[in-house]
Structures are given as structure tokens and as C-alpha cells.
1. Over the chain, what per residue volume does the convex hull of the Cα atoms give, in whole Å³?
2. P(r) tail for segment 1-106, what percent of Cα pairs lie past 25 Å?
3. With unit charges on the beta carbons (Lys and Arg positive, Asp and Glu negative) and the dipole taken about the Cα centre of segment 193-268, which residue among 258, 228, 197 sits farthest to the positive side?
4. Which length gain, in nm to one decimal place, applies between residue 21 and residue 360 when the Cα-Cα distance is subtracted from 0.36 nm times their residue separation?
5. What do the square roots of 5 times the Cα gyration tensor eigenvalues come to for segment 130-236, in whole Å, largest first, as semi-axes of the equivalent ellipsoid?
6. I need the semi-axes of the equivalent ellipsoid of segment 262-367: take the C-alpha gyration tensor, multiply each eigenvalue by 5, square-root it, list largest first in whole angstrom.
7. Only Lys, Arg, Asp and Glu count, each charged at its Cβ (+1, +1, -1, -1), so figure out the dipole size of segment 1-71 about its Cα centre, rounded to 20 debye.
8. Expressed as a whole number of Å, what is the distance separating the alpha-carbon centroids of segment 304-318 and segment 127-152?
Amino acid sequence: MPLSETLPGPAPAERMSRVKESPSSQVADRVRAFRAEGRKVLPLTIGEPDFDTPDHVKDAAIAAIRAGETKYTSANGTPALQKAITSRLLRKTGQSYATDEICVGGGAKQLIFLAFMATLDEGDEVIVPAPYWVSYPDMVSVNGGRPVIVGTTAGEGYKLTPDRLRAAITERTKWVVLNTPNNPTGAVYGEEELRGLTDVVRAHPHLSILCDEIYDEINFGARPVPSAVTVAPDLRERVFLVNGVSKAYAMTGWRIGYGAGAARLCAALGTLQSQSSSCPSSVSQAAAVAALDGGREFIDRTVAIYTERRDLLVSGLDAIDGLRPAVPEGGFYVWTDASALTGAVTPSGTRMTSDADLAEHFLETSGVVVITGDSYGCPGHFRASFALSSDTIREAVAGLAHSVSLLRR
Ligand code: PMP
């Protein structure tokens, strides 16, 4: 009998077998255990900005509390937040969204989950290019869909190509997920690349694009980051843009994300929210208005800092024989090819046969924690975050150099 069937309490539904705990939470447990032993840990696993939320955003939240903005709001957000979102989208994409084409939720994560819940019938397919953000496949599966993982290569910049997309489409395909800038690779799709993909989507009317642009303000190249809706405005109803305030404004704990797309989809998400959370937090919504309307000073300042840290981490990893980092164009992660270390042996004779072996070796020998490539559907790699101080990054790079130097190849 499986262990879960012997435990007390209500038995989990069958769908729970299709979802697992996020790898970042598992790693966090491992780090806690390591620290409890009094050992030093350098967590290159951080998935959120290490900056504090800007003061003008906090002030707006406090003012909202004092003004009594502490009640339920409409399921898809307050008029003030919807207006701030439509203005931001107009600035970014040149598209005017009506308020019924906007939805607001408890983070981009919740909106992506609800979008799948609202649209997937049993067996519907969602194309997910790998490496992918860890949550997409589970979100699809738990909502009855089938994730169709499509690999990409370093030579293609870890980006989905029109040919690979075309080959993966079946009559059951409902969505293709495009995450730009990408977590974990930092890849940003250029206009031409998006045009190639939207041409394929245009030819398949049953297919829509879920465009996760949560890292779009943290980018090191041309701004704004190109969007599928900018290159193919005629597909507007078939593109669901997802974004939020978590990463750009260091507001991960406030839990506000937003989506823009077909009014029919936004209405469905509103219905699901009205029957689950009722609405996102009223106070956080007031804070998000201040963030979106508050100018670019915070973003420009933090992106300059991220740029220095990125260069530090990329050059540090690049100098280690056996590691090949990809230079991220956006986000705050460095995706690193470590496949040259597969099969290498530690001084005590342990052979590196999996990503987990290598991650454990790093942790044991230098306290550095990374997230393994197989978590993102791409073994032989790891993700290292640079949402950390430059000193921590330097120390972690030195630690990794030491750990790798111990391996015999
Ligand atoms: N998409 C991606 C690619 C992410 O990395 C994250 C956060 N880790 C999210 C969405 C969720 O962001 P939010 O805090 O708005 O739920």
C-alpha cells in the first residue's frame, strides 16, 4: 500500500498525483537543514529581488489602509489598477486594452493557473518549450491538460523555433507558452523570432499564446522587450499577456499579477476568482497602482545593479573549466551548461551521474546551492541566481571553482 494511503486525513484526489511540490521549496528545506547543522550556505537559488519594495509603494498601501480601502474589490481588480495596467500596456505594446480585457490576480502565477483551469478540457495539449519555468507543466497537468515539452538548444539560444512549434501542434493543442525573458535561461525573443512563431500560430486558429512577461522590466538589451502582441496585433484575442509587479518592483510578497487578452477569457478568470479568492488584496492593489504609475527610477536603478552582478557571475562561471554559462538578456538567472562534468568523480569516489549528484557535491564542498537543470526539463545544466550582493556572488563563484577543481574527469 502506498504510504499516502496509510496516512490519516482525507485522501487526496487523483489530480494531486499530477502535481508536485516546487523544486525551489524542496531546495529551501535542504538549505534549512544544512544551516541547522551550523554550516554556511551560499544560496544561488533566490527567485526574487533582494531589494526592498520602494517607499512610495509602501506609502500608497498605508494610505489605502487609512482611507478604508480594506474591502472586497471586483474580482478582476479595482478600476484604478485596471487603468494603471492599461496605461502600462499602451506604453509597452502600443495596444489599447479595454478594462474587460484585463484581469488581476494574486500573482502572475495564479493567473496562469486559472487560465489553464478556464480553458483546458481533459487531454488538451499545451506546448511548453524547455528549459521551462518549473510550474508550467504541473499547472497544465493538474488542470487536466497534457504538457507537450519541446526541447530547444544552446545554438538556438534556448528559444522555440517556428519549425519545432509547427511539428508539435496537433488538433488538441490549445496553447503555446512563451516566457520572455525566460526563467531559467534569460533568453529574450526578438521581434523577428516572435514574428516567425506568430506566423505559425496564425495558421492554426485553435491555438493561442500564453506570453509570460513577468521579467520584462529586468532586461539588459533593447527596451521594451518585444511582445507577441506587438508583432502580431491581429492575434490580440489569441494572445494572453501575463505580467505583474513582483519582479520589477520587488513586490513578490504583495501578490499582484495581471493578464490582458480576450474579454471572454478575462471574464472566465474573473468567475473562477469570484468563486475561489473573491478578489486580490485591496491594499496590494493600491500599492500596485503606485508601482505602475510611479515612473522608472526604481527599475533603472536596480537594472544597473543587476547588470553589474550579471557580468560578475557570468565571467566568474565562464572562468571555471567545465562550466559554460549562457549570457542572460533578461531576468536574474544564469543558465549554465555543466554537462562536461557528467561522469566526473569526487576524491571520495562518488561519480556525478545526475544533476542532483553535482548539486549535492557543490553544497557539500563549498555550501553553494543551485537549482538542477532537470527541474527545468533540461538535464546537464543548473540555474544560478544573481539576485544577491556582489560579495555573495564572488564568494559563491570561488566556492564553485573549488568544488569543480576537486572533481577528476
Ligand atoms: N512566471 C515566471 C517565469 C516566474 O519565474 C514567476 C516567479 N517565480 C512567476 C511567473 C510568478 O510571479 P508572481 O509572483 O507574479 O506570481
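1. Here the figure is 166 Å³ per residue.
2. 60
3. Farthest towards the positive pole: 258.
4. Length difference between fully extended and current span is 120.1 nm.
5. Semi-axes, largest first: 20, 17, 13 Å.
6. After scaling each eigenvalue by five and taking roots: 42, 23, 13 Å.
7. Dipole magnitude for segment 1-71 comes out near 200 debye.
8. When both Cα centres are located, 29 Å separates them.
Read-outs: derived from the displayed coordinates by stated rules, not from any lab. It should be emphasised that the depicted structure is a prediction, and the values quoted were computed from it without experimental measurement. Note that we place each Cβ from the backbone using ideal geometry, even for glycine, and neighbour counts take in every protein chain shown.
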